[in-house]
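First the structure, in the form of structure tokens, and then the observations on it.
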There are 2 protein chains.
Amino acid sequence: MRQTFDEQADRTFGPKHLPLIRAEMARQGLDGFLIPHEDEHQNEYLPDANERLAWATGFTGSAGAAVVMADKAAVFVDGRYTLQVKEQVDAALFETRDLVEGGVPAWLEDIARPGQVIGYDPRLHSPDALARLHSAAGRAGATLKAVEANPLDDAWGGVRPAQPAAAVVPHPLEYAGEDSSSKRARIGAAIAQSGADAAVITAPASVAWLFNVRGGDVIRSPLPLGQAILNADGTARLFFDHAKVTKDLPAWLGNQVSLEPTAALAGALSALSGRKVMIDPGQSSSWYFDRLEQAGAEVVRAVDPTALPRACKNTTEVEGARHAHVRDGAALSRFLFWLDTEAQERLPDEVEVVTRLEGLREATGALKDLSFDTIAGAGPHGAVVHYRPTLRTNRRLQPGELLLVDSGAQYLDGTTDVTRTVAMGEPAAEMRERFTLVLRGHIALARVRFPAGTTGSALDTLARAPLWMAGLDFDHGTGHGVGSYLGVHEGPQRIAKRPDSTALQPGMIVSNEPGYYKTGAYGIRIENLQVVTEASEPPGGERPMLGFETLTLAPIDRRLVVTEMLAPEERAWLDAYHARVLKLIGPQVEPPVRTWLKKACAAL
Amino acid sequence: MRQTFDEQADRTFGPKHLPLIRAEMARQGLDGFLIPHEDEHQNEYLPDANERLAWATGFTGSAGAAVVMADKAAVFVDGRYTLQVKEQVDAALFETRDLVEGGVPAWLEDIARPGQVIGYDPRLHSPDALARLHSAAGRAGATLKAVEANPLDDAWGGVRPAQPAAAVVPHPLEYAGEDSSSKRARIGAAIAQSGADAAVITAPASVAWLFNVRGGDVIRSPLPLGQAILNADGTARLFFDHAKVTKDLPAWLGNQVSLEPTAALAGALSALSGRKVMIDPGQSSSWYFDRLEQAGAEVVRAVDPTALPRACKNTTEVEGARHAHVRDGAALSRFLFWLDTEAQERLPDEVEVVTRLEGLREATGALKDLSFDTIAGAGPHGAVVHYRPTLRTNRRLQPGELLLVDSGAQYLDGTTDVTRTVAMGEPAAEMRERFTLVLRGHIALARVRFPAGTTGSALDTLARAPLWMAGLDFDHGTGHGVGSYLGVHEGPQRIAKRPDSTALQPGMIVSNEPGYYKTGAYGIRIENLQVVTEASEPPGGERPMLGFETLTLAPIDRRLVVTEMLAPEERAWLDAYHARVLKLIGPQVEPPVRTWLKKACAAL
């Protein structure tokens, strides 16, 4: 679980591995091969065995792709990673291209020659992405060919890590709040209502939620890699590698769920011949669609039917999240106390900051994992939105600088994600002004009431408007959904500029994390998790409104707040939030921390 | 031009006209016939000759439909018109259904019997709407059949008004700001860029803009009903009824434009055989698509290529809008002066209010038309969003009530649209509080700065948030686009809850009109037009921002503002706005009005 600070790949990977991949391509008669970042599970985090893009190129970003031709190769990254790719990938071997503007299809259309055959692994591409690649290749007169054996996997060979086989364990009802048979019955009814016979569920988080199980196949989220076929009557076939199945799992799943080895999946899909089958083209790779179509099933492209029910946490899950945030808030307050006392004197480096915070979370005795690698960005590193300290980049804190710490934990009762920005020594006036603008946006999104039907994109503006008025903005979403002891990034809801059609609904947990980043100087982000609730009706109110309850409990650095820039209601919000933090976290922490917390939570 | 106060149709229309329509249906062998509100031009306003839905049913709303079967009939209206339809349509003859929930397709599927043939006029339906109707009829085992002659038109016969034939006149360069050849060259280049050979343009506003002409075929907007085929090289064929062509029109259009009679249109479409032709399925009826496909043209469904360039006004048009708003603001200020003096004593009725305002606009000597029928809603009528006074509904103003007046004008240099809500006598505390909430939303949307790429739906929330916080909301969009001496409702930009993908761009004119409506009691709306501009950069700003310049110039009723509810920056906005109104309008009006204006525009 411990966060490491090594670089996981480097520039030597391309020179070492490209010849091996090309040899396998030649053996299969391929002129090129497509290497997406995504793996068989189309999940955010990959097991080491599926870090194919990193192995081929050296690039370790969380999104990207590569194409290898016999005589040239290209790596594709988005705007977040333009600096990182230069450090990690050998430019003599790989041309770097924009993943979004044009992306792989435009490059393919450009460089593929008539008659060329370019391979792809259908397990790794969504049908939507593949359709664009097919057209691009077609325009160049080339063809794409699905491979049976992935030439990269063959090239990787014996040194490739094993596929994970962590035990799949029950997720008890005291945390899940609804048993699997009830979930399967209502999702099954929804499948029936839409006229389908069954749904193929391949997203690991959906499998975990639907069957109330958790696993450990990928780092930072307790996911079991597996698949399921859920029938309209609520019965299901569930596929896991046998090595993962624990002794008590069959009894936990009950007799409506047939637990089968992964090897039986292909046959089970073929057995859907003649049936109407829902499957999500955003979650499931092309391989599933090919299988179903070959079997003569009627494929219905539809959003994963568990996605929305999973996003709307039940009362047990919300209550669990509250407990998890008290526990996490206590650990975080001990950490902020340390930052504000010992660390102000001793000026530790980023790696020590990360290790200290992880140790305090471990000391709760309840930590199952971090929910993502902690971002601790001192000074200019704070402005690198996806910064993660390594031994090579590690930086010591300096007086007059800001430290941005974005971190989270996985507990059985909930997943946390919190960012605090802390002043080391005396902050500059500009830092305080911009921190206060970010805070005003954060408060607007924490306080807002809104009618049913409102989407996250409608609320996003509230978090940005104070920065916009000052000619500033930030280049990431304002909020993402969060799972319940599941992924820290969970759809379908989000709070972002991009228009979306998912209305916020009671029980959805989202982050509220506006920021400001001054390249080469400092970064600011203030992040709490908040859950959608039915808002109390103000006097004279005529319509039911929704609102948010803030879950995260940790002081916001008062030294960075310019009080005069706050409207009275904004100031009242911050004072009330701090009073609540003190009330709930004060009793959890030791006297010196409590004494400090009182000051940190004093009214402005 | 004068606004009338008669009811334009009534409950006797159905009983009188339904038998005539059914007789024509029987003659053509039809079991049913579809009657949309839309006409051949798919335009917001219809000439009297095309008010088919009103003639058949009595219903005069701005959206709706009817279906007539041999033994039953239904009328379809949206939530705005549920009361009105009860008054206007004979319930013994027409079942009333929701236009949006299910709409015509659901009813057709329900009542059509296998083998039935239901007619439709392909000139009146968009292809998208028709596709849904075809599927619904198909599911019921019935078929839809395109008619050559519209049975309703035949039934209407000799008493049907003539098609309008108002003169088409040049719209001079001093107002248009860019000559037609330049517009045709750049739109032609865009057509070429998208790989097409030509575009069929059927929206009357697009024809007017592209060729710098105006007409008078429909009330309230200076539209010439006609069509054009624009070629990628900038040449065009333009189709108008010969009766509309004025002597100087051919010379104005120049030799790159071939002016042809409407009768030549069908042949011109057939002549596009083998060509790649853009046409907008949201603007052009199915008839065009059928013609082009029959001719063997390659149809490219794409947004009208003039829509976005037309929405982004050039500097001449923006400067024209400023002039128009000074002129209109002077007339409006005279009106508000009258309301605040003589009318407070004499308590006129709604019809007098409308007539007075129209007279003051006419007295400018520049009024071409109203831009829509004036809404003057006294007391509870103010809560009826689409209220228009008639002799039957006319209501006298009462002390202690609010009067909502939403009106606009067409001038050669610009189109206006403005709403003011005025207190008669002493307003109640609740009215003032809710007015101030609406005002705060209006100010937020007037002051905001935002980065390029921001859509109207992202800004909509700013105008609603103060109401939401009080448990209130309003059920219409916050803003619509406005043309330049063209339609007062113009896309593609809008400011509304519904997610949209059109970024606001410099030169776009939009309304800013949040409101609050208390059924049976009163209505509040505050509306100004504002144009998107490049915002000045605040000190320390890092990114270019867009913003708005308010065009409308008329005082906002200070007696309805609760000063303590305004933040300092909101109060500063209102004071600065009023100072600007006084500076620009004061010199335009007579001494008694000017004296009044000084008080009405005083700082809070």
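The values are calculated or read from the model by the stated rules, or taken from the named source; none is laboratory data. Predicted, not measured: the structure shown is a model, and the values here were computed from it. Please note: Cβ atoms are built from the backbone with ideal geometry, for glycine as well, and neighbour counts cover all protein chains shown. Accessible surface is based on the protein model in full, side chains and every heavy atom, while ligands, DNA and RNA are left aside. Shrake-Rupley method; radii C 1.70, N 1.55, O 1.52, S 1.80 Å.
The orientation-averaged projected area of the convex hull spanned by the Cα atoms of chain A comes to 27.8 nm².
The gain in end-to-end length when the B:E87 to B:A572 segment is fully stretched comes to 169.9 nm, 0.36 nm per residue minus the alpha carbon separation. Sorting B:K599, B:K368, A:K244 on solvent-accessible area from highest to lowest, probe radius 1.4 Å, gives B:K599, B:K368, A:K244. Here B:C312 sits with roughly 30 square angstrom of accessible surface, probe radius 1.4 Å. Each part reduced to its alpha carbon centroid, the range A:318-373 and the range B:498-518 end up 45 Å apart.
How big is the B/A interface in buried accessible area, both sides summed, 1.4 Å probe, to the nearest 100 Å²? What B and A bury together is about 2500 Å². Each Lys and Arg adds +1 at its Cβ and each Asp and Glu adds -1 at its Cβ; summed about the Cα centre, the protein assembly as shown shows a dipole of about 1040 debye. Dipole magnitude for chain A: computed about the Cα centre from +1 point charges on Lys and Arg Cβ and -1 point charges on Asp and Glu Cβ, it is near 580 debye.
Taking the accessible area of the range A:161-276, probe 1.4 Å, and keeping the other protein chains in place, the carbon and sulfur fraction comes to 55%. Mean partner shielding of peptide B:443-449, defined as the number of other chain Cβ atoms within 10 Å of each residue Cβ, is 2. Ranked by the mean number of other Cβ atoms within 10 Å per residue, highest first, peptides B:90-99, B:275-284 order as B:275-284, B:90-99. For A:A146, inter-copy separations between label points set 7 Å beyond Cα along the Cβ vector come to 4.0 nm, shortest first. The phi torsions of the range A:303-318, fed into the Karplus equation with coefficients 6.51, -1.76 and 1.60 and a -60° offset, translate into couplings of 4, 2, x, 8, 4, 6, x, 5, 5, 8, 5, 7, 4, 5, 5, 5 Hz, rounded to whole numbers, with Gly and Pro shown as x. Counting only alpha carbon atoms, the long axis of helix B:350-362 and the longest principal axis of chain B meet at about 90°.
A:I201: net charge of surrounding residues, Cβ under 9 Å, Lys/Arg +1, Asp/Glu -1, itself excluded?
Values: positive: none; negative: A:D280, A:D304.
With Lys, Arg at +1 and Asp, Glu at -1, the net is -2.
Extension gain, B:A452 to B:A70, is 132.0 nm, computed as 0.36 nm per intervening residue step minus the present C-alpha separation. Quick one: go through the range B:421-458 and flag any residue whose amide nitrogen is under 16 Å from the point 7 Å out along the Cα-to-Cβ line of B:E345. What the label zone holds, given the 16 Å backbone N cut-off, is B:425. Taking each residue as 0.36 nm, the span from A:H242 to A:E549 lengthens on full extension beyond its C-alpha to C-alpha distance by 106.3 nm.
Using heavy-atom solvent-accessible surface (probe 1.4 Å) with all chains present, what is the largest-first order of B:Y45, A:Y522? Let's see the in-between values first.
Working: B:Y45 50, A:Y522 10 Å².
The ranking, largest first, comes out as B:Y45, A:Y522.
By the helix-only formula, in which each DSSP H run with n ≥ 4 contributes -39500 (n - 2.57) and the sum is divided by residues, chain A has a 222 nm mean residue ellipticity of -10500 deg cm²/dmol. Using the Cβ of A:T390 as centre and a radius below 12 Å, the other residues enclosed give a net charge of -4, where K and R count +1 and D and E count -1.
Based on alpha-carbon centroids, what's the gap between the range B:406-444 and the range B:18-46 in Å, whole number please? Using only Cα atoms to place each centre, the spacing works out to 40 Å.
Among chain A residues, the beta-carbon with the smallest distance to the axis carrying A onto B is reported, with distance in whole Å, as A:P499, 2.
Sorted from closest to farthest, the other copies place their A:Q163 label points 6.9 nm away, with each point set 7 Å from Cα along Cα→Cβ.
Just checking the output field for B:456-464: average partner chain Cβ neighbours within 10 Å of each residue's Cβ? Mind showing how you got there, number by number?
Details: counts 0, 5, 10, 3, 2, 12, 3, 0, 4.
Neighbouring Cβ atoms belonging to other protein chains average 4 per residue here.
Beta-bridge orientation, chain A: approximately 70 percent antiparallel, per DSSP, counting only bridges with both partners inside.
Taking a straight Cα-Cα cut-off under 18 Å and skipping sequence neighbours fewer than 8 places away in the same chain, the aspartates and glutamates within cross-link reach of A:K72 are A:E24, A:D31, A:D90, A:E95, A:D98, A:E109, A:D110.
Grab the beta carbon distance between A:V100 and B:E534, set R0 = 30 Å, and tell me the FRET efficiency rounded to 0.05. Walk me through the intermediate numbers first.
Numbers: r = 26 Å, r/R0 = 0.87.
For A:V100 and B:E534, the calculated efficiency is 0.70.
For B:T4 and A:D475, what does the FRET efficiency come to when R0 = 51 Å and r is the distance between their Cβ atoms, rounded to the nearest 0.05? With a Förster radius of 51 Å, E is 0.40. As an equivalent ellipsoid, the range A:346-447 spans semi-axes of 24, 20, 11 angstrom, where each value is the square root of five times an eigenvalue of the C-alpha gyration tensor, largest first. Of the DSSP beta bridges with both residues in the range A:1-120, give the percent that are antiparallel, rounding to the nearest 5. In the range A:1-120, DSSP labels about 60 percent of beta bridges as antiparallel. Specify the angular offset, from 0 to 90 degrees and rounded to the nearest 10, of the alpha carbon long axis of helix B:591-600 from the longest principal axis of the alpha carbons in chain B. Result, in degrees: 80.
Output the pairs from A:K276/A:K313; B:K145/B:K247; B:K183/B:K497 with a Cα-Cα distance over 31 Å in this structure; if there are none, say none. Don't skip to the end; give the middle numbers.
Values: A:K276/A:K313 29 Å; B:K145/B:K247 42 Å; B:K183/B:K497 33 Å.
Those over the limit are B:K145/B:K247; B:K183/B:K497.
Cross-link partners for B:K599 among the lysines, with Cα-Cα distance under 19 Å and sequence neighbours closer than 8 places in the same chain left out: B:K583.
With contacts taken as Cα pairs under 8 Å at a separation of at least 6 residues, chain B carries a relative contact order of 11 percent.
For the range B:452-604, report the accessible area per residue in Å² (1.4 Å probe, heavy atoms, rounded to an integer).
Working: 5410 Å² over 153 residues.
On a per-residue basis, the range B:452-604 sits at 35 Å².
Largest first and in whole Å, give the semi-axes of the range A:169-230's equivalent ellipsoid, each being the square root of 5 times a Cα gyration tensor eigenvalue. Don't jump to the answer; show the numbers that get you there.
Working: eigenvalues 100, 43, 9 Å².
One finds semi-axes of 22, 15, 7 Å for the range A:169-230.
Please compute the average number of Cβ atoms from other chains found within 10 Å of each residue's Cβ in peptide A:545-556. If you can, show how the numbers build up before the last one.
Details: counts 6, 1, 2, 0, 0, 0, 0, 0, 0, 0, 0, 0.
Average per residue, whole number: 1.
With its label point put 7 Å out from Cα toward Cβ, B:A428 sits 5.6 nm from the same residue's point in the other copies, in order from shortest. Remark: the range B:498-552 carries a charge dipole of roughly 340 debye about the Cα centre, counting +1 on each Lys and Arg Cβ and -1 on each Asp and Glu Cβ.
Provide the convex hull volume over Cα atoms per residue for the protein assembly as shown, in Å³. Present the calculation step by step, with values, prior to reporting the outcome.
Values: hull volume 225.5 nm³, N = 1208.
Hull volume normalised by residue count: 187 Å³.
When the Cα positions of B:P47, B:G215, A:G479 are compared along the charge dipole of the protein assembly as shown, A:G479 comes out farthest toward the positive end, with charges on each C-beta of Lys, Arg, Asp and Glu. Taking the longest Cα principal axis of chain B as reference, the axis of helix B:180-193 is set at about 60 degrees.
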